[in-house]
Each structure stands twice: as structure tokens, then as C-alpha cells.
């Protein structure tokens, strides 16, 4: 097999997420039409990644007005947080809460992740015990 015939591995969700973050940084420094197009393409890719299997199903996804406003203010989109949550990147939880999530994966309990936006707003992602729904919210929305 020639080097040019090798099959490249498909990028995973982390690679796509990092590329989206780079596109956002480029846009924030130079908001050109090209950078807008990159962001829109990245958003489509991240949204598509959500349809792929993760550690669990998200169910219906909803967000509070507070979470929506915090994401808009800092230039985030829901798939950035939902992908991390769906793949078991629990964010800024302490070791005990991360372990509780791992147990919840095996026994069907509620899952919680905690992240920060670029503007340092804390954002929670909660998936219900039956995996019927996932909510993005601010702690004060709880």
C-alpha cells in the first residue's frame, strides 16, 4: 500500500470541537464573511456529531432563557456543551460528583455536568434519569 492510499482516521468529536473553538477565536479577532462561514460550517458539524452515539442518549434537549442568554453573550452554541456532556466530559465537577455520574451511567440516575462560558458564567447540563431530556441551565435557574 502506498502512503497516499492510507485511510485517514475520521476526526472525533473533540477534534471538531477544537476546530470550532479555533474558528470562533479567528472570528472574534477578525469578523470576516469567511470566518462567519467557518463558524456556520462548524456549527453544522457539531450538530451532526450530536446524532452519533455517546456514553448515553440526551433525549429532548431544552435550555432555560438564562442559559440561552449566557451562551449568546459569550458566543457559544449548545452543541459545544452537549457534546462534552454526552461523551462523559463532566467539566468542572469535583471527583465525587464525577464518580456519581459514572455510577449513574450504570444504574440509570440523573447526570450533571458543569462548565464555564467564555464570559465565566457557570452553565449546568442535566440529563434526566430516564434519558428522556437534557436541559442546559444556569445554577440560579435550578
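Screening 67, 104 for residues that are within 22 Å of residue 138 (Cα to Cα), in contact with a strand residue (DSSP E or B) (Cβ under 8 Å, 6 or more places away or on another chain) and buried (at least 18 other Cβ atoms within 10 Å of the Cβ) leaves exactly one candidate, 67. Exactly one residue out of 91, 59, 108 is at positive phi and modelled with pLDDT under 95: that is 108. Within this structure, residue 48 fails the test of being surrounded by 13 or more Cβ atoms within 10 Å (Cβ to Cβ) and either under 22 Å from residue 141 (Cβ atoms) or at pLDDT 95 or above (or both).
Please indicate, with yes or no, whether at least one residue in the range 25-40 is in contact with a helix residue (DSSP H, G or I) (Cβ under 8 Å, 6 or more places away or on another chain) and within 21 Å of residue 134 (Cβ to Cβ). Scanning the range 25-40 turns up no residue that is in contact with a helix residue (DSSP H, G or I) (Cβ under 8 Å, 6 or more places away or on another chain) and within 21 Å of residue 134 (Cβ to Cβ).
The values are calculated or read from the model by the stated rules, or taken from the named source; none is laboratory data. If you're wondering where the values come from, they're calculated on a predicted model, not measured in any experiment. Cβ atoms come from the backbone with ideal geometry, glycine included; neighbour counts cover every protein chain shown.
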